[in-house]
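Chemist: The structure is given below, and queries will be raised subsequently.
The values are calculated or read from the model by the stated rules, or taken from the named source; none is laboratory data. None of these values were measured; they are calculated from a predicted model. Glycine gets a Cβ as well: all are built from the backbone with ideal geometry, and neighbour counts include every protein chain shown. When the accessible area is computed, the model is the full protein with side chains, heavy atoms only, and any ligands, DNA or RNA have been set aside. Shrake-Rupley method; radii C 1.70, N 1.55, O 1.52, S 1.80 Å.
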Amino acid sequence: MTDTLPDRAVAADQFKRALAVHASGVVIITAQSDGIPVGLTATSFSSVSLEPPLVSFYVDRSSTTWPQLSGADHFAVNILTSDQADLAARFARKSIDRFAAPTRWRPGPLGAPLLQDVSAHLVCLPYERAVVGDHILVVGLVAEADVQRPGRPLLYHQGRFGRFLAHPDS
């Protein structure tokens, strides 16, 4: 059945334009690989299940960070605040030391880097992975959850980072 689906698929540029109008939360996934901190920005993060507590994100199969991240025995999800657009952009760039100053972080309880000043940290154990199209679906079992500073989230919308503004109460 999936053999006939590509003939019916929308063009990539039209698909990207349509998805751009959907706002996504922004997280940075971090881990330690051979004693070296690694991380990447993700806008595809979501909750999957309460029992067991599962979360997921997608990573591009061509990611240069994924080979190191995929070998880690656990990873952290750092949920960003609305004032952390520069940090999200830093972890989305290639060929830089993402953990050098001005990035502020500390090792977590299991060793994964935890970024400072984020809304929350989720420390996850690998649960499941699947290749889906040109991405890899990564599902993690949440082993620890710590809310740092609840507040406004960083959003990604129409190719830019932005802030959430709540509707006034009626």
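Chemist: Based on the mean of other beta carbon atoms within 10 Å per residue, what is the order of 118-131, 139-152, 56-69, 24-37, most packed first?
Modeler: The packing order, highest mean first, is 24-37, 118-131, 56-69, 139-152.
Chemist: Relative contact order of the chain: what whole-number percent is it, with Cα pairs under 8 angstrom and at least 6 residues apart?
Modeler: 26 percent
Chemist: Rounded to the nearest 20 Debye, what is the dipole magnitude of the chain about its Cα centre when Lys and Arg each give +1 and Asp and Glu each give -1 at the C-beta?
Modeler: Dipole size: approximately 540 debye.
Chemist: In addition: Which of (i) 22.5, 80; (ii) 15.5, 50; (iii) 16.7, 53 is the computed Rg and Dmax of the Cα atoms in Å for the structure on display?
Modeler: Matching the structure shown: (iii).
Chemist: At a 1.4 Å probe, what is the % contribution of carbon and sulfur to the accessible area of segment 1-143?
Modeler: For segment 1-143, the apolar C and S fraction of the accessible surface comes to 55 percent.
Chemist: Could you give the accessible area per residue of segment 1-157, probe 1.4 Å, as a whole number in Å²?
Modeler: Accessible surface, normalised per residue, equals 58 Å².
Chemist: Still on this structure: Based solely on its DSSP helices, what 222 nm [θ] is calculated for the chain when runs of n ≥ 4 H residues each add -39,500 (n - 2.57) and the sum is averaged over all residues, nearest 500 deg cm²/dmol?
Modeler: -3500 deg cm²/dmol
Chemist: In addition: Over the Cα atoms of segment 82-161, how large are the radius of gyration and the largest Cα-Cα distance (Dmax), in Å?
Modeler: Computed over the Cα atoms of segment 82-161, radius of gyration and Dmax are 14.4, 36 Å.
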